[in-house]
1. Kindly check whether there is at least one residue in segment 342-349 that is within 26 Å of residue 222 (Cα to Cα), assigned to a helix (DSSP H, G or I) and in contact (Cβ under 8 Å) with a residue 24 or more places away in the chain.
2. Go through (1) surrounded by fewer than 22 Cβ atoms within 10 Å (Cβ to Cβ); (2) under 18 Å from the mean Cα position of the chain (by Cα) one by one and return the number of the condition residue 396 breaks.
3. Got a sec? Which of 128, 156, 96, 121 is crowded, with 22+ Cβ neighbours inside 10 Å and at pLDDT 95 or above?
4. Just give me the residues in segment 41-69 being assigned to a loop (DSSP other than H, G, I, E, B), over 31 Å from the mean Cα position of the chain (by Cα) and farther than 30 Å from residue 286 by Cα, in sequence order.
5. Show me the strands (runs of 3 or more DSSP E) found entirely inside segment 218-334 where at least 1 residues are not assigned by TED's automatic domain parsing to the domain that holds residue 355.
6. For residue 59, which of the numbered conditions (1) without any contact (Cβ under 8 Å) to a residue 24 or more places away in the chain; (2) surrounded by fewer than 19 Cβ atoms within 10 Å (Cβ to Cβ) fails to hold?
7. Checking residue 46 against (1) modelled with pLDDT of 90 or more; (2) touching a strand residue (DSSP E or B) at 6+ places or on another chain (Cβ under 9 Å); (3) surrounded by 10 or more Cβ atoms within 10 Å (Cβ to Cβ), which test does it fail?
């Protein structure tokens, strides 16, 4: 039995529910079981000792689904590819922001995505997905899954719910859809996809013997600014490298949802070996304590930066959720689905790739690097970097142009960020 599990009353004081940012300090951990250490120790071990052979047998029966757990029974610690105290505590805490029943952590965002997709998809299935998505996800969908007999069908994110409805008018698609996968806001265009509409479509397409699973990549807005499970999603996925980790010093991924679905994902994770390491789990526990502070600061900074860019004569267009026109359908969706606009901004300069590169090369405070969600501000060129393996014609159709730049806003002083952007634009 794990010696680190929380008790049933740790989420309240009396009858008052505690907020997630408070629970991040101790939920799921009992110091008295770890020599009184105020923070969870780092459990760097590959295997765990059983008290008896009977106990080991019972743990394995639960681990491999050979029987259902008895009331109050939990699977004990076996081997760090299956479970580890640091990961158990982390998974407990990760459920809090999204209101999920269970979580599974992985050694990368792509490990979370690929393991989740392979859990629910089999040869002959169709996966309906929004475009654009992260470049690695795009490659997995279009080049890896077809090798296993899985057909990807893309739908432009800016086409709205009607585009998904048109896609399933084809009977060959409708009869074989087993998963809907969306990334919202889209990377890098910030286009929104209606989670509730996709959830309703998934329910209509489901059959008694086949659930159509809706999975949502929520990396761009993170656990604070959008909660897909509340809008009908079955699984929410994060690259925890980004805001959850938040310091550009680790690689990780997360999948959250119901216990039944997450347990299936964990079964595949055990066999594929895509579980996060204890060190990764321990570092993520540290990062969760400051998640709200960091994401709030980044979101506030992004508002100042987006306003500056929108007024600059060398900028053609700014893609920022906080600038959606109040009378647009996208704004209505944003108000219904999102809590805040986040800290991701994409914009198009006047000109082409040359002008974009001159701007990027002139930056001083912004770092020219891919990834996002860290404490430092980053800038990159999606068409030639994160989305370079997407078909060029498809890139244009998705709105990923040669003059587009993507910014991830950090926690620096906003006036300094604007000063850097201003001098870099002067160099164009």
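The values are calculated or read from the model by the stated rules, or taken from the named source; none is laboratory data. Predicted model only: the values in this text are computed from it and were never measured. Cβ: placed from backbone, ideal geometry, glycine included. Neighbour counts: every protein chain shown.
1. no
2. Condition (2) is where residue 396 drops out.
3. Every option except 128 fails the conditions.
4. Scanning segment 41-69 gives 51, 52, 66, 67.
5. It comes to 235-239, 253-257.
6. If we test residue 59 against (1) without any contact (Cβ under 8 Å) to a residue 24 or more places away in the chain; (2) surrounded by fewer than 19 Cβ atoms within 10 Å (Cβ to Cβ), just (2) comes out false.
7. Tallying (1) modelled with pLDDT of 90 or more; (2) touching a strand residue (DSSP E or B) at 6+ places or on another chain (Cβ under 9 Å); (3) surrounded by 10 or more Cβ atoms within 10 Å (Cβ to Cβ), residue 46 fails exactly one: (3).
Yes/no per residue for (1) within 20 Å of the chain's Cα centre (by Cα); (2) closer than 26 Å to residue 412 by Cβ:
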site: 314; (1), (2): no, yes
site: 320; (1), (2): yes, yes
site: 327; (1), (2): no, no
site: 336; (1), (2): yes, no
site: 341; (1), (2): yes, yes
